[in-house]
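Participant: Just dropping this structure here.
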Amino acid sequence: MLNLQERLDPKQTALIVIDVQNDFCHREGALALSHGASIVEDIEAAMPNLHRLINAARLADVFVVFIRSIYDDQYLSPAMQDQRKRRGSKKVCQTGTWGAEFYGGIEPDVARAEIVVVKHRFNAFSGTELDETLRRRGITRVVCCGFTTSVCVESTARDAFFRDYFTAIAGD
């Protein structure tokens, strides 16, 4: 059994920052506009911790990956389009919009070769180059964080485990 230090060996670990975007996190984003601004209060409260986590990962030379959701109609399966219509959900994270931009000063550091992976499903591994990118870098461990834990973060962490990564989800 690996201890925590072995599980999070910085040379083999990636921090995956998921969906920290205006439409999900900002008081004027699509989520808050459709459900009320109180829905993003927990996100606002967690932002300082998220910044600390990203900074700590950078100080430890952990590879940081930023996941951006783009949910344009052309990328959505009929099942996802149907779900959005049944729920009466508005379009979110459309290409080139303010809502799809990263929120709260969260962004990749290009000088550190941090990358952005664009996803069109809840799971950041589905239909993206994420797995191939991590494997090329020798990554065998991932720490997932971002918003929302019960959907996209959990979906990504679960698939990471199924792909044989040592997996953790960061708390707020």
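The values are calculated or read from the model by the stated rules, or taken from the named source; none is laboratory data. The model shown is predicted, which means the values in this text are computed figures rather than measured ones. Don't worry about glycine lacking a Cβ; one is built from the backbone with ideal geometry, like all the others, and counts go over all protein chains shown. In case anyone asks, the SASA skips ligands and DNA or RNA and just uses the protein heavy atoms, side chains included. Shrake-Rupley method; radii C 1.70, N 1.55, O 1.52, S 1.80 Å.
Participant: Which of the residues belonging to region 23-32 are surrounded by 15 or more Cβ atoms within 10 Å (Cβ to Cβ) and among the acidic types (Asp, Glu)?
Facilitator: Asp23, the sole residue that qualifies.
Participant: Right, Arg68: in contact (Cβ under 8 Å) with a residue 12 or more places away in the chain, within 23 Å of His35 (Cα to Cα), among the charged types (D, E, K, R) and open to solvent by 40 Å² or more (accessible area, probe 1.4 Å) or not?
Facilitator: On the way: in contact (Cβ under 8 Å) with a residue 12 or more places away in the chain: yes; within 23 Å of His35 (Cα to Cα): yes; among the charged types (D, E, K, R): yes; open to solvent by 40 Å² or more (accessible area, probe 1.4 Å): yes.
Judged against the criteria, Arg68 is a match.
Participant: Shifting gears a bit: Could you grab the pairs with beta carbons closer than 6 Å, sequence gap of 6+ or different chains, first residue in region 27-44 and in contact (Cβ under 8 Å) with a residue 60 or more places away in the chain, second one not in a helix (DSSP H, G or I)?
Facilitator: Ala30/Lys90; Ala30/Val92; Ile43/Phe147
Participant: Tell me, which residue of region 33-65 that is over 17 Å from the mean Cα position of the chain (by Cα) and within 13 Å of Asp109 (Cα to Cα) is least open to solvent (accessible area, probe 1.4 Å)?
Facilitator: Restricting to residues being over 17 Å from the mean Cα position of the chain (by Cα) and within 13 Å of Asp109 (Cα to Cα), the top hit is Asp61.
Participant: Quick check on region 95-110: of everything there that is among the hydrophobic types (A, V, I, L, M, F, W, C), modelled with pLDDT of 95 or more and surrounded by fewer than 18 Cβ atoms within 10 Å (Cβ to Cβ), which residue is farthest from the chain's Cα centre (by Cα)?
Facilitator: Across region 95-110, the extreme among qualifying residues is Trp98.
Participant: Report those helices (runs of 4 or more DSSP H) wholly inside region 1-110 carrying at least 2 residues which are in contact with a Gly (Cβ under 9 Å, 6 or more places away or on another chain). Full working, then the answer.
Facilitator: Numbers: elements: 4-7, 22-25, 30-35, 41-59, 78-87.
Result: 22-25, 30-35, 41-59.
Participant: The conditions are (1) more than 21 Å from Val142 (Cβ to Cβ); (2) modelled with pLDDT under 95; (3) open to solvent by 40 Å² or more (accessible area, probe 1.4 Å), and Val92 fails exactly one of them. Which is it?
Facilitator: Result: Val92 fails condition (3) only.
Participant: If Gly127 meets every condition in (1) small (Gly, Ala, Ser); (2) under 18 Å from the mean Cα position of the chain (by Cα); (3) not in a loop (DSSP other than H, G, I, E, B) apart from one, which number is that one?
Facilitator: Of (1) small (Gly, Ala, Ser); (2) under 18 Å from the mean Cα position of the chain (by Cα); (3) not in a loop (DSSP other than H, G, I, E, B), only one is false for Gly127: (3).
Condition check ((1) within 23 Å of Glu44 (Cβ to Cβ); (2) in a helix (DSSP H, G or I); (3) out of contact with any Ser or Thr (no Cβ under 6 Å at 6 or more places or on another chain); (4) modelled with pLDDT under 95) across all residues:
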site	(1), (2), (3), (4)
Val118	no, no, yes, no
Glu132	no, yes, yes, no
Arg135	no, yes, yes, no
Val142	no, no, no, no
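Participant: Cβ-Cβ below 8 Å, separation at least six or inter-chain, first residue in region 149-172 and farther than 17 Å from Leu8 by Cβ, second assigned to a helix (DSSP H, G or I) and of a type in the set (D, E, K, R): which pairs?
Facilitator: Final answer for the pair search is Arg163/Asp131; Asp172/Asp42.
Participant: Please identify the pairs in which a residue from region 99-126 that is more than 20 Å from Ala60 (Cα to Cα) has its Cβ atom under 7 Å from the Cβ atom of a residue that is of a type in the set (Phe, Trp, Tyr) and open to solvent by 50 Å² or more (accessible area, probe 1.4 Å), counting only partners at least 6 apart or on another chain.
Facilitator: Close Cβ pairs satisfying both conditions: His120/Tyr75.
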